[in-house]
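In what follows, a single structure is set out as structure tokens and then discussed.
The values are calculated or read from the model by the stated rules, or taken from the named source; none is laboratory data. Everything numeric here is computed off the predicted structure, so don't read it as measured data. Glycine also receives a Cβ, built like all others from the backbone with ideal geometry; neighbour counts cover every protein chain displayed. Just so you know, the surface numbers come from the protein's heavy atoms only, side chains and all, with ligands and any DNA or RNA stripped out. Shrake-Rupley method; radii C 1.70, N 1.55, O 1.52, S 1.80 Å.
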Amino acid sequence: PDSKSPEGLRVKDRMFIVYFTATWCGHCKKINLNMVDDVAKKHGLTLWKVEHTTNDYTAGFCNVRSFPTFMAFKPKKVVGTFQSNVTEDICQWIESLN
């Protein structure tokens, strides 16, 4: 079992990325998500996907107004937001987080 931090996150998830997308979003379909996930894993980051069509609450709570949007979180705070459908640019942003 993973050890938990006081905030309830797994210790290995101290920073994580949330990818906000929607099935109807043409820009989102252009992203090579496997490549993005590989870069995130390489840097020890977990990538969580939030599908707006089935979960519109989370995007609204996080003030996401367009798709695709990537947000990096540490416990209790947002450390970065990035909007792009260019896989290479997204990967560079993830690399800049470390």
Treat the range 43-98 as a sphere of radius equal to its Kirkwood radius over Cα pairs and apply Stokes-Einstein at 25 °C in a medium of 0.890 mPa s; give the translational diffusion coefficient in µm²/s, rounded to a whole number.
-> 200 µm²/s
Could you work out how far helix 87-96 tilts from the main Cα principal axis of the chain, as a 0 to 90 degree angle to the nearest 10?
-> 30 degrees
Computed [θ] at 222 nm, helices only, for the chain once each DSSP H run of length n ≥ 4 contributes -39500 (n - 2.57) | -8000 deg cm²/dmol
Note down the relative contact order for the chain as a percent, whole number, built from C-alpha pairs under 8 angstrom at least six residues apart.
-> 34 percent
Give the residue from Q83, H52, N98 lying farthest towards the positive end of the charge dipole for the chain; charges sit on Cβ (+1 for Lys and Arg, -1 for Asp and Glu) and the dipole is referred to the Cα centre.
-> N98
Report the Stokes-Einstein translational diffusion coefficient (µm² s⁻¹, integer) for the chain, Rh taken as the Kirkwood radius over Cα pairs, at 4 °C with viscosity 1.567 mPa s.
-> 94 µm²/s
Could you list, by residue number, the cysteines of the chain that have no other cysteine's beta carbon within less than 4.7 Å of their beta carbon?
-> C62, C91
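Peptides 72-84, 36-48: what's the order by average Cβ count within 10 Å, highest mean first? Numbers along the way, then the final one.
Numbers: 72-84: 14.1, 36-48: 16.2.
Per-residue Cβ counts within 10 Å, averaged per peptide and sorted highest first, yield 36-48, 72-84.
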Looking at the range 12-46, which chymotrypsin sites (Phe, Trp or Tyr not before Pro) are in a loop (DSSP not H, G, I, E or B) and have at most 10 other Cβ atoms within 10 Å?
-> W24
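Ignoring ligands, DNA and RNA, what percent of the 1.4 Å accessible area of the chain is carbon and sulfur?
Using a 1.4 Å probe with all protein chains present, the chain comes out at 53 percent carbon and sulfur.
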How far is helix 33-42 tilted, in degrees, relative to the longest principal axis of the Cα atoms in the chain, given as a value from 0 to 90 rounded to the nearest 10?
-> 20 degrees
G80's amide H: which non-local residues (gap 5+, or another chain) put their own amide H closer than 5 Å, with H modeled 1.01 Å from N in plane and none for Pro or chain starts?
-> A72
Under 5 Å, built H, 5+ apart or other chain: amide partners of V50 | Y19, F20, T21
